[in-house]
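Q: Here you go, one structure.
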Amino acid sequence: MVGEATSLDWTTEEHSIMPKHGKKFLEAEKKVDQDREYLPEEAIGLLKEVAFANFDESVEVHARLGIDPRQADQAVRSTVILPHGTGKKVRVLVFAQGEAERIATEAGADVVGADELIQRIQGGWLEFDAAVAMADMMGKVGGLGRILGRRGLMPNPRSGTVVRNAEDLPNVLRELKGGRVEFRNDRNGVVHTVVGRKSFTQDQLRENLFAFIDALQRAKPSGAKGVYVRSLALASTMSPGIMLNVPLTVQSGSTVGA
């Protein structure tokens, strides 16, 4: 996108043809001023008001960045530890063998294994939310790139999910289960991430949001020029999007890591 983002400009190409919305969505949409950029506290309060589904919806942030996703030196990929977690039980898989397998199991990994586990995944099994690999397993795990990569599940040194020392596994697992989230830009230069649930308090959502904004700023690639964060939208699983005031949100997020 060139220029300023408005309304739901962050929508990806795959969803450019919008489905017909139901009555509840249209009623919720009337409460959102699409020409306004809200302060974070206002947006969170409004979101809790317009999130109409009868289940505990995820709360998501969509950040459109001023990057060219085709350029390797402008790719954004990093992690953030949300202070209040995502509200979701995270199933963690670990590729390990020998002593590392024992440590991972004792540290609370949901699934641990080596060759047999790789074969299960090749057969279509994908019942986990995050994957960690010991460095000595990556020669074999690398063959799963086509399966895991497209789902954002491939262990990667940059995200801290490739571990060299087995003694580090307990801390990595603790972070993943406690609220560490990996984020990266899609092919349109947009980062999508979950920052909580509708049931979270406003303070919890605000603190998680600011933690993500701080991590996003720190992840700014060296090749990015001009305005880095072009637009920010807050939404729940089923609700309309609420545009955030970018300068004030970024400024608030920057105080987290100060």
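The values are calculated or read from the model by the stated rules, or taken from the named source; none is laboratory data. These figures come from a predicted structure and were not determined experimentally. Neighbour counts are summed over all protein chains in view; Cβ atoms, including those assigned to glycine, are modelled from backbone coordinates with ideal geometry.
Q: Before we move on, is L209 surrounded by 21 or more Cβ atoms within 10 Å (Cβ to Cβ) and part of a helix (DSSP H, G or I)? Break it down into steps so the answer makes sense when it comes.
A: Details: surrounded by 21 or more Cβ atoms within 10 Å (Cβ to Cβ): yes; part of a helix (DSSP H, G or I): yes.
Judged against the criteria, L209 is a match.
Q: Go through (1) surrounded by fewer than 19 Cβ atoms within 10 Å (Cβ to Cβ); (2) over 14 Å from F183 (Cβ atoms) for Q217 and report which single condition fails.
A: (2)
Q: While we're looking at this one, here's another question. If you go through region 212-251, how many residues are under 16 Å from the mean Cα position of the chain (by Cα) and assigned to a helix (DSSP H, G or I)?
A: The qualifying residues number 7.
Q: Something else: Give region 139-162 a look and list any residue that's without any contact (Cβ under 8 Å) to a residue 40 or more places away in the chain and in contact with a helix residue (DSSP H, G or I) (Cβ under 9 Å, 6 or more places away or on another chain), or say none.
A: Step one: filter region 139-162 for residues without any contact (Cβ under 8 Å) to a residue 40 or more places away in the chain, giving 139, 142-154, 157, 161-162.
Those that are without any contact (Cβ under 8 Å) to a residue 40 or more places away in the chain and in contact with a helix residue (DSSP H, G or I) (Cβ under 9 Å, 6 or more places away or on another chain): G143, L144, I147, L148, L153, M154, P157, T161, V162.
Q: If you don't mind, there's one more thing I want to ask. Could you check T201 against (1) without any contact (Cβ under 8 Å) to a residue 12 or more places away in the chain; (2) over 30 Å from K23 (Cβ atoms) and say which number it fails?
A: Among (1) without any contact (Cβ under 8 Å) to a residue 12 or more places away in the chain; (2) over 30 Å from K23 (Cβ atoms), the lone unmet condition for T201 is (2).
Q: Has region 186-195 got at least one residue that is of a type in the set (S, T, N, Q), more than 19 Å from A63 (Cβ to Cβ) and assigned to a loop (DSSP other than H, G, I, E, B)?
A: Step one: list which residues in region 186-195 are of a type in the set (S, T, N, Q), which gives 188, 193.
Remaining after also requiring more than 19 Å from A63 (Cβ to Cβ): none.
There is no residue in region 186-195 that is of a type in the set (S, T, N, Q), more than 19 Å from A63 (Cβ to Cβ) and assigned to a loop (DSSP other than H, G, I, E, B).
Q: Restricting attention to region 203-218, which residues are farther than 10 Å from S254 by Cα and acidic (D, E)?
A: D203, E207
Q: Scan (1) outside any loop (DSSP other than H, G, I, E, B); (2) buried (at least 20 other Cβ atoms within 10 Å of the Cβ) for the single condition P170 breaks and write down its number.
A: (2)
Q: Take the residues in region 91-120 that are of a type in the set (D, E) and in contact with a strand residue (DSSP E or B) (Cβ under 9 Å, 6 or more places away or on another chain), then tell me which one is nearest to L173 (Cα to Cα). Can you show your working first?
A: The initial filter retains those residues of region 91-120 that are of a type in the set (D, E), namely 99, 101, 106, 110, 115-116.
Checking which are in contact with a strand residue (DSSP E or B) (Cβ under 9 Å, 6 or more places away or on another chain) leaves us with 101, 110.
Details: E101: 13, D110: 10 Å.
For region 91-120, the residue satisfying everything is D110.
Q: Now, a different point. Please go through region 82-114 and pick out each residue that is among the aliphatic types (A, V, I, L, M) and more than 18 Å from A131 (Cβ to Cβ). Break it down stepwise before answering.
A: So in region 82-114, the residues among the aliphatic types (A, V, I, L, M) come out as 82, 90, 92-94, 96, 100, 103-104, 107, 109, 111-112, 114.
If the condition is that a residue be among the aliphatic types (A, V, I, L, M) and more than 18 Å from A131 (Cβ to Cβ), then L82 is the only one that fits.
Q: The conditions are (1) closer than 30 Å to I118 by Cα; (2) assigned by TED's automatic domain parsing to the domain that holds E41; (3) touching a strand residue (DSSP E or B) at 6+ places or on another chain (Cβ under 9 Å); (4) not hydrophobic (A, V, I, L, M, F, W, C), and T249 fails exactly one of them. Which is it?
A: Only one criterion in (1) closer than 30 Å to I118 by Cα; (2) assigned by TED's automatic domain parsing to the domain that holds E41; (3) touching a strand residue (DSSP E or B) at 6+ places or on another chain (Cβ under 9 Å); (4) not hydrophobic (A, V, I, L, M, F, W, C) is unmet by T249, namely (1).
Q: Evaluate region 117-124: report whether one residue or more is of a type in the set (K, R) and at pLDDT 95 or above. Walk me through how you get there before you give the answer.
A: Here is the first cut: in region 117-124, the ones of a type in the set (K, R) are 120.
In the following step, the residues that additionally are at pLDDT 95 or above were identified as 120.
So far as region 117-124 goes, yes, one or more of its residues are of a type in the set (K, R) and at pLDDT 95 or above.
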